[in-house]
Amino acid sequence: MKIVSSTLILLFLFSFKGLTQEPEIRALLQKQTEAWNRGDVVGFMEGYWKNDSLMFIGKSGITYGWQQTLDNYKKGYPDKTAMGFLTFTFIELKPLSKKYFSVVGKWHLKRSIGDLGGHYTLLLKKIKGKWVVISDHSS
């Protein structure tokens, strides 16, 4: 009985910790959205891990590295008209551990040249006290 009680307490504490992480994750994604909607691709990229191991998976395949991902965003969205107005819809925000968090959702760009949208899965990691996206699969 004591083992069951201890396990339930640990699960509760882990769940509570996950709930306390969620506002940080939402704030990060809100900052990214705001940067995008100002036309600030570099500001948007501040939510990503500045490392050559950052992984971005999109329609063209896998891209590794923060700089290459930034370059691809700049090429695909060269101006505010192409960038449009971004909204994220969250489907699932899930703590995986103290250091890892998963987010699944939808993205939508409202644009005068035609709307775009799709789904995404983000893997975030807390590095040096800051949450960053280490893997992004967007379609």
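Throughout, read-outs are computed from the coordinates displayed, never taken from laboratory work. Just so you know, these numbers come straight off a predicted model, no measurement behind them. Glycine gets a Cβ as well: all are built from the backbone with ideal geometry, and neighbour counts include every protein chain shown.
Take the alpha carbon gyration tensor of segment 35-106, find the square roots of its eigenvalues, order them as a ≥ b ≥ c, and report rounded if a/c is under 1.5; if not, report prolate when a/b exceeds b/c, else oblate.
Numbers: a/c = 1.87, a/b = 1.31, b/c = 1.43.
Since a/c reaches 1.5 but b/c is at least a/b, the shape of segment 35-106 is classed as oblate.
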**Request:** Give the cross-link partners of residue 80 among the aspartates and glutamates, using a straight C-alpha distance below 15 Å as the criterion and excluding same-chain residues fewer than 8 apart.
**Result:** 34, 40, 115
**Request:** For residue 42, put the label point 7 Å out on the Cα→Cβ axis and report which residues of segment 64-104 keep their amide N under 20 Å from it.
**Result:** 65-84
**Asked** Taking 0.36 nm per residue of separation and subtracting the Cα-Cα distance, what length does fully extending residue 97 through residue 20 add?
**Response** 26.5 nm
**Asked** Separation of segment 42-77 and segment 96-128 by C-alpha centroid, Å?
**Response** 13 Å
**Prompt:** How much of the calculated P(r) for the chain lies past 27 Å, in percent of all Cα pairs?
**Reply:** 24 percent
**Complete:** Placing each pseudo-label 7 Å from Cα in the direction of the beta carbon, residue 31 and residue 60 end up separated by a distance in nanometres of 2.7 nm
**Asked** Nearest 10 degrees, 0 to 90: what angle lies between the long axis of helix 66-76 and the longest principal axis of the chain (Cα atoms)?
**Response** 40 degrees
